[in-house]
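Worksheet: one structure, shown below.
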């Protein structure tokens, strides 16, 4: 399966899904006009990969500058799925990367982390 690489746009983040490595990155700003049209194809591909890849570890990095409430729903769905596969015994780590002075994104990351009990969630400051 070829890696999934989508370049960032004015309203959409960069997406880099490296299937063989089990490494997944979403980075940038996210306020697409149609959030489902943008996110459904890569999220569907990720779910398919997760179902077919056995117990391969998953590393997800999310590094947003800004995202809207529609994107937050996509993220909640993603975290629920990541928690499910972690509960099934897969090693899942999530890195939530935020600017040092962005208290809002830091707090959102903390709120997402509270919803997870098995998947590992780490807050990181952007380098």
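Please tell me if residue 72 is part of a loop (DSSP other than H, G, I, E, B) and within 24 Å of residue 101 (Cα to Cα). Before you say what the answer is, go through the steps one by one.
Details: part of a loop (DSSP other than H, G, I, E, B): no; within 24 Å of residue 101 (Cα to Cα): yes.
Against the criterion (part of a loop (DSSP other than H, G, I, E, B) and within 24 Å of residue 101 (Cα to Cα)), residue 72 does not qualify.
Consider residue 14 carefully, then state whether it is closer than 22 Å to residue 124 by Cβ and either modelled with pLDDT of 95 or more or in contact with a helix residue (DSSP H, G or I) (Cβ under 7 Å, 6 or more places away or on another chain) (or both).
Details: closer than 22 Å to residue 124 by Cβ: yes; either modelled with pLDDT of 95 or more or in contact with a helix residue (DSSP H, G or I) (Cβ under 7 Å, 6 or more places away or on another chain) (or both): yes.
Judged against the criteria, residue 14 is a match.
Out of (1) assigned to a helix (DSSP H, G or I); (2) under 18 Å from residue 13 (Cα atoms); (3) in contact with a helix residue (DSSP H, G or I) (Cβ under 9 Å, 6 or more places away or on another chain), what's the single condition that is false for residue 85?
The single condition residue 85 does not satisfy is (2).
For the structure I just gave you, tell me whether residue 5 is surrounded by 15 or more Cβ atoms within 10 Å (Cβ to Cβ), touching a strand residue (DSSP E or B) at 6+ places or on another chain (Cβ under 8 Å) and outside any helix (DSSP H, G or I).
Values: surrounded by 15 or more Cβ atoms within 10 Å (Cβ to Cβ): no; touching a strand residue (DSSP E or B) at 6+ places or on another chain (Cβ under 8 Å): yes; outside any helix (DSSP H, G or I): yes.
For residue 5, the condition - surrounded by 15 or more Cβ atoms within 10 Å (Cβ to Cβ), touching a strand residue (DSSP E or B) at 6+ places or on another chain (Cβ under 8 Å) and outside any helix (DSSP H, G or I) - is not met.
Take the residues in segment 27-54 that are more than 16 Å from residue 68 (Cβ to Cβ) and in contact with a helix residue (DSSP H, G or I) (Cβ under 7 Å, 6 or more places away or on another chain), then tell me which one is surrounded by the fewest Cβ atoms within 10 Å (Cβ to Cβ).
Ranking the candidates gives 47 first.
Tell me the residue from 64, 46 that is in contact with a strand residue (DSSP E or B) (Cβ under 9 Å, 6 or more places away or on another chain), outside any loop (DSSP other than H, G, I, E, B) and over 22 Å from residue 1 (Cβ atoms), please. Please lay out each step first, then the result.
Values: 46 fails: over 22 Å from residue 1 (Cβ atoms).
Among 64, 46, only 64 is in contact with a strand residue (DSSP E or B) (Cβ under 9 Å, 6 or more places away or on another chain), outside any loop (DSSP other than H, G, I, E, B) and over 22 Å from residue 1 (Cβ atoms).
Is it true that residue 78 is touching a residue at least 24 places away in the same chain (Cβ under 8 Å), in contact with a helix residue (DSSP H, G or I) (Cβ under 9 Å, 6 or more places away or on another chain) and in a helix (DSSP H, G or I)?
Working: touching a residue at least 24 places away in the same chain (Cβ under 8 Å): yes; in contact with a helix residue (DSSP H, G or I) (Cβ under 9 Å, 6 or more places away or on another chain): yes; in a helix (DSSP H, G or I): yes.
Yes: the conditions hold for residue 78.
Out of the residues in segment 102-127 that are in a helix (DSSP H, G or I) and touching a helix residue (DSSP H, G or I) at 6+ places or on another chain (Cβ under 8 Å), which is surrounded by the fewest Cβ atoms within 10 Å (Cβ to Cβ)? So that I can check it myself, show each step before the final result.
Of the residues in segment 102-127, the ones in a helix (DSSP H, G or I) are 103-114.
Checking the rest, the ones that are also touching a helix residue (DSSP H, G or I) at 6+ places or on another chain (Cβ under 8 Å) come to 108, 112.
Numbers: 108: 17, 112: 19.
Checked segment 102-127; the qualifying residue surrounded by the fewest Cβ atoms within 10 Å (Cβ to Cβ) is 108.
The values are calculated or read from the model by the stated rules, or taken from the named source; none is laboratory data. Just so it is clear, the structure is predicted and the values come from calculations on it, not from any experiment. No Cβ is skipped: glycine too gets one built from the backbone with ideal geometry, and neighbour counts run over all protein chains shown.
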